[in-house]
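Data first, discussion second: the structure below is written as structure tokens.
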Amino acid sequence: MTEAAVSPAPKARATARRPDSIRLLLNNSLATGGFFILVTMALVALAAPFLPLADPDVTAPANRLMPPFSPDHFLGTDALGRDILSRIVWGTRVSLAVGLSATVIAAFFGSLIGLVAGYAAGRVDSVLMRGIDMIMAFPYILLALAIVAVLGPGLLNALYAIAVVNIPFFARSIRGITLGLSRREFVDAARLSGKSNAQILFIEVLPNVLPVIIITMSTTIGWMILETAGLSFLGLGAQPPQADLGSMLGEGRKILFTAPHVSVVPGLMILVLVMSINLFGDGVRDVLDPRLKSGVLTRPVARTTVDRKDASSGLKPRADAILDVQDLRTEFHLGGTVYKAAGGVDLHLAQGECLGVVGESGSGKSVSAMSIMGLVPSPPGRIVGGAAFLGNEDLFSASDERIRQLRGADVSHVFQDPLSTLHPLFTIGDQLTEAILAHRQVSGSEAMKIAEDLLNLVRIPNPSERLKVYPHELSGGMRQRICIAMALANDARVMIADEPTTALDVTVQAQILSLMNTLRHERDAAILFITHDFGVVSAICDRVAVMYAGKVVETGATQEILNSPAHPYTAKLIDCVPVLGEPERRLDAIEGRPPMVNNLPQGCAFADRCPKAQADCRAAPIPVTEFAEGRSVRCLHPVKEGEHV
Amino acid sequence: MAAYILKRLVAAIPVLFGLTIIVFLIMAMIPGDTATAILGSYATPENVEKLNRDLGLDKSLPQQYLIWLGNLLQGDLGRSYSLNRPVLDEVVERFSATMILAGTSLVLCSIFGLLAGVMSAVRQFGWTDKIVTFFVLIGISTPSFWLGLLLILAFAVKLRLFPASGMFAIYGGGDLPDLIHHLVLPALTLSVVATGVIARLTRTSMLEVLRQDYIRTARAKGLAERKVIAKHAFKAALVSVIPVIGIQAGFVMGGAVYIETVFQWPGIGSMLVTAISTRDLLLVQGGVLFVAAAYVLFNLAADIVQTMLDPRLR
């Protein structure tokens with residue numbers, strides 16, 4: 001249902017000039033902040049020998065444990081009278097160097113293992129990865145401790161230990177990417193051109209893996225600095241007189257109660273250092289890993305935002321309609337671009353009627369249907385105009401609680417893919433009774449009985465057994481029957497079916513269609529049936545509304561439209577349907593593509609693909625003309641009876 | 001389900017054997033001659049050779065491993081020379097203290113992490129989300145040993161609310177309230193990092209789940225939003241968070257090394273640090289083996305819980 005919203009987005013991004021990574025990174029203020037703190041700290045640490053600092057190792061017992069902000073000692077002195085500021089700067093130098101070296105070592109060996117395992121695959125891969133799994137079977141810090149235990153305490157040994165325990169992180173993520181890459185065409189091409197494996201691995205594959213290596217480095221370096229500081233804190237890393245931030249903290253701990261600043265200051269320094277690295281690292285990851293780019297991971301709220309600029313109070317519901325959508329406008333706001341998915345849609349349904357809404361992907365048919373009960377994902381979707389009347393009630397001005405009461409009770413939904421629309425972790429019975437209990441005051445066992453009746457109603461054999469199974473244990477057709485049963489649970493007046501047969505194979509399609517048709521006659525329910533398939537329309541719908549680029553372009557009774565389409569688009573669409581026994585029939589795919597809904601032309605949106613288009617088509621918005629009883633078309637030069645386009 | 005659990009338990013046995021091999025190899029890789037290390041550098045060659053024979057060090061590496069494994073299976077992990085008691089006795093005693101601390105922390109970080117992550121996702125871009133994100137960032141960037149020191153300064157020294165160290169009061173303690181009183185600060189400190197990691201992941205996986213079609217279905221049924229979040233979205237998110245909680249068990253047990261040192265908690269972590277400094281390698285070996293085995297079992301438990309939640313994995 002989000003096709004209109006989601007599919008244009010990448011294209012729009014591709015056409016816009018791609019901002020370079022550095023600029024993107026700097027747009028992220030947190031990452032920028034982290035970056036500047038990090039650079040400042042690194043510069044100060046690098047410049048330590050040239051700064052007017054006291055010698056970090058000169059002891060002065062007379063000046064021991066001076067508090068911060070003392071004259072000559074801005075951060076005070078430690079137990080041996082050494083200047084803490086100077087020691088912090090020198091200690092940061094050591095910590096940064098150790099963290100960075102550990103990262104580079106881990107990245108080098110980890111990536112190498114990952115590249116070789118992923119590229120060679122087969123036995124080499126499984127041997128290498130079993131080894132990596134064995135290392136990962138140990139708690140991280142514990143393994144580092146064991147390595148230090150073997151090598152003996154010392155800064156260099158701590159560095160090796162931390163590097164070794166981080167190798168698996170690199171090996172695993174690089175192997176996964178390499179495995180995918182080495183099955184790609186460009187690798188095959190390189191192989192055919194006679195390049196050696198090493199050449200392919202390092203010239204063709206490595207550049208593509210590099211971003212992942214950088215992401216893993218930027219997200220693990222903070223850890224490595226923390227862990228080496230930890231080992232030093234325990235007295236297993238830097239040995240006196242050499243000092244990093246961790247060992248300073250460890251020494252300060254002995255005099256924690258008398259002179260807290262001696263341990264608090266180095267700890268604070270570690271925090272700031274690691275935090276700035278993490279902020280910067282997250283920024284790097286967001287830039288390099290497109291899946292995590294901002295805006296992709298937003299969660300839709302319970303109901304589509306309604307933000308009608310023009311008070312649509314002037315609109316009145318039709319007398320004979322049970323559901324009446326008027327001038328519906330739904331937009332998607334994505335990164336500064338507005339996609340007008342529904343640009344003034346009118347639809348109405350009478351009691352017991354089935355209205356088919358037909359159109360290509362992106363025509364706005366699903367968005368229009370989902371707008372009615374506020375099920376368009378929001379953000380980014382929002383309803384900006386029009387009204388939807390259920391009886392006399394304007395749904396867009398109803399409260400959230402009122403909408404909740406109506407959903408599933410008066411208006412129910414059947415969606416496209418029954419595997420993804422049923423919750424995989426709950427049984428059929430649980431999901432059905434839940435729908436019943438949401439709207440009726442019955443006990444759990446009564447609800448179970450009703451659920452069983454519902455399964456009978458949708459012709460599912462052994463209903464009491466089926467209630468206990470999970471969705472993945474059923475076939476596609478069965479699952480869709482369950483969804484229909486769920487939609488019938490509370491005798492809804494209106495059922496909105498969004499391509500309910502598209503994901504099913506043809507024989508099952510026919511069963512589901514006839515089931516829905518029978519049930520609507522039995523229950524006198526109205527159906528709003530969304531589809532892209534005129535074959536399906538002719539099987540079940542009384543009336544049809546054809547949509548194109550966010551607008552309804554033609555409406556009328558199904559048979560009349562099929563026999564004599566008025567809009568050139570409708571005519572073309574009908575021509576696309578193959579008919580058995582009519583081999584001479586033309587199967588025209590419509591040339592060209594529909595316009596992007598963020599950039600609609602002023603006049604007719606179909607003009608560019610229309611064989612009958614003339615100058616006036618492009619000049620101004622096309623009004624709807626009602627040319628016969630119950631038939632209307634949004635076209636200046638409609639197709640005449642018998643004419644072929 | 002019972003059959004599945006049994007199958008997983010059986011599958012864990014080779015992993016545990018793999019652990020023993022690695023632990024054995026690490027210790028065998030120690031540079032220098034063990035007998036010389038024990039007897040000192042003035043020992044006569046005859047004595048060194050005799051001790052090597054007594055210790056079985058003249059045999060091949062696989063033979064040594066099998067002897068060591070045989071002893072291990074009979075509960076003999078050797079004798080700690082610095083404590084002069086069997087390694088197993090010491091390790092078991094220390095291990096239970098670590099499990100009390102790490103177990104409590106694991107429970108705390110799961111509860112706080114899941115709660116914070118869910119709230120943060122539900123109020124995405126709102127204040128709750130910003131505050132949670134900020135604390136997560138602080139949490140995963142803070143050196144836990146330093147945080148422990150700060151908490152001691154604040155709550156033990158200044159406010160005198162909790163004891164600064166130990167597991168029980170020296171005089172008159174020993175009961176459960178006393179243990180809890182001593183447990184609060186170290187357990188909280190130890191859980192901070194893991195809370196951040198779990199909260200972060202829970203947020204991401206909630207956001208992922210809330211976009212799924214079945215959440216739209218739940219809403220289309222007319223379920224209250226509270227129920228959509230707490231039942232439909234949370235259960236699905238939990239399935240992907242559970243394995244990470246299993247992995248966090250390893251980080252918590254590893255982090256216990258620092259926290260036990262800071263709070264002088266008589267667990268396996270502080271034992272290891274001392275044992276490394278005194279080069280009591282048999283003690284290190286025993287400790288590492290126990291914690292690694294516990295980690296395997298924690299991950300196994302996480303796997304089993306995940307399978308119980310997700311029928312598709314059965």
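Structure data summary
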quantity: Enumeration of residues in the range A:350-364 that are more than 18 Å from A:L513 (Cβ to Cβ) and surrounded by 22 or more Cβ atoms within 10 Å (Cβ to Cβ); calculated: A:G359, A:G362, A:S363, A:G364
quantity: Among (1) assigned to a loop (DSSP other than H, G, I, E, B); (2) open to solvent by less than 20 Å² (accessible area, probe 1.4 Å); (3) within 14 Å of chain B (Cβ to nearest Cβ); (4) aliphatic (A, V, I, L, M) - the single one A:I255 does not satisfy; calculated: (2)
quantity: Residue in the range B:67-89 that is touching a residue at least 60 places away in the same chain (Cβ under 8 Å), open to solvent by 50 Å² or more (accessible area, probe 1.4 Å) and within 14 Å of chain A (Cβ to nearest Cβ) present; calculated: yes
quantity: Among (1) under 25 Å from the mean Cα position of the chain (by Cα); (2) among the hydrophobic types (A, V, I, L, M, F, W, C); (3) assigned to a helix (DSSP H, G or I); (4) at the interface with chain A (Cβ under 10 Å from one of its Cβ atoms) - the single one B:V118 does not satisfy; calculated: (4)
quantity: Counted residues, the range B:110-152 - those being touching an Asp or Glu at 6+ places or on another chain (Cβ under 9 Å) and within 19 Å of B:T189 (Cβ to Cβ); calculated: 1
quantity: The one condition in (1) surrounded by fewer than 21 Cβ atoms within 10 Å (Cβ to Cβ); (2) over 20 Å from B:Q264 (Cβ atoms); (3) at the interface with chain A (Cβ under 9 Å from one of its Cβ atoms) that B:T128 fails to fulfil; calculated: (3)
quantity: Residue, farthest from the chain's Cα centre (by Cα), within the range A:395-414, restricted to residues that are touching a residue at least 60 places away in the same chain (Cβ under 8 Å), more than 17 Å from B:A218 (Cβ to Cβ) and open to solvent by 20 Å² or more (accessible area, probe 1.4 Å); calculated: A:D410
quantity: Candidates A:M217, A:M248, filtered to the one that is open to solvent by 10 Å² or more (accessible area, probe 1.4 Å) and within 24 Å of A:D55 (Cα to Cα); calculated: A:M248
quantity: Selection from the range B:173-200 of residues that are away from every other protein chain (no Cβ under 13 Å) and surrounded by 18 or more Cβ atoms within 10 Å (Cβ to Cβ); calculated: B:H182, B:L183, B:L185, B:P186, B:A187, B:L188, B:S191, B:T195, B:I198, B:A199
quantity: Top-ranked residue in the range A:224-247 [being of a type outside the set (S, T, N, Q) and away from every other protein chain (no Cβ under 11 Å); ranked as farthest from A:A146 (Cα to Cα)]; calculated: A:P241
quantity: Residues of the range A:338-349 satisfying the condition of being within 26 Å of the chain's Cα centre (by Cα) and buried (at least 17 other Cβ atoms within 10 Å of the Cβ); calculated: A:Y339, A:K340, A:A341, A:A342, A:G343
quantity: Test: residue in the range B:237-252 that is touching a Ser or Thr at 6+ places or on another chain (Cβ under 7 Å), in a helix (DSSP H, G or I) and closer than 28 Å to B:Y65 by Cβ; calculated: no
quantity: Single match in A:L390, A:L422, A:L375 (criterion: modelled with pLDDT of 90 or more and more than 8 Å from every other protein chain (Cβ to nearest Cβ)); calculated: A:L390
quantity: Matching entry among A:R479, A:R520, A:R493 (being touching a helix residue (DSSP H, G or I) at 6+ places or on another chain (Cβ under 6 Å) and among the basic types (K, R)); calculated: A:R479
quantity: Which numbered condition B:T274 misses (of (1) surrounded by 24 or more Cβ atoms within 10 Å (Cβ to Cβ); (2) in a helix (DSSP H, G or I)); calculated: (1)
quantity: Long-range neighbours under 6 Å by Cβ, at least six apart or interchain, first residue within 9 Å of A:T304 (Cα to Cα) within the range A:361-387, second among the basic types (K, R); calculated: A:M373/A:R407; A:G374/A:R303; A:L375/B:R216
quantity: Residue in the range B:142-152 that is modelled with pLDDT under 95 and not in a helix (DSSP H, G or I) present; calculated: yes
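Conditions tested, residue by residue: (1) more than 11 Å from chain A (Cβ to nearest Cβ); (2) under 30 Å from A:G252 (Cβ atoms); (3) open to solvent by 10 Å² or more (accessible area, probe 1.4 Å).
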position	(1), (2), (3)
B:T261	no, yes, yes
B:G267	yes, yes, no
B:R279	no, yes, yes
B:V288	no, yes, no
B:A292	no, no, no
B:A301	yes, no, yes
B:M308	no, no, yes
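Residue-wise test of (1) outside the structural domain of A:H423 (by TED's automatic domain parsing); (2) farther than 15 Å from A:S412 by Cβ; (3) open to solvent by 10 Å² or more (accessible area, probe 1.4 Å).
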| site | (1), (2), (3) |
| --- | --- |
| A:H439 | no, no, yes |
| A:I450 | no, no, yes |
| A:R466 | no, yes, yes |
| A:M478 | no, yes, yes |
| A:A492 | no, no, yes |
| A:N517 | no, yes, yes |
| A:H521 | no, yes, yes |
| A:T531 | no, yes, no |
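The values are calculated or read from the model by the stated rules, or taken from the named source; none is laboratory data. Source: prediction; values computed, not measured. Heads up, the Cβs are rebuilt from the backbone with ideal geometry, glycines too, and the neighbour counts pull from every protein chain shown. Quick note on the areas: whole protein, heavy atoms, side chains included, nothing else; ligands and nucleic acids left out. Shrake-Rupley method; radii C 1.70, N 1.55, O 1.52, S 1.80 Å.
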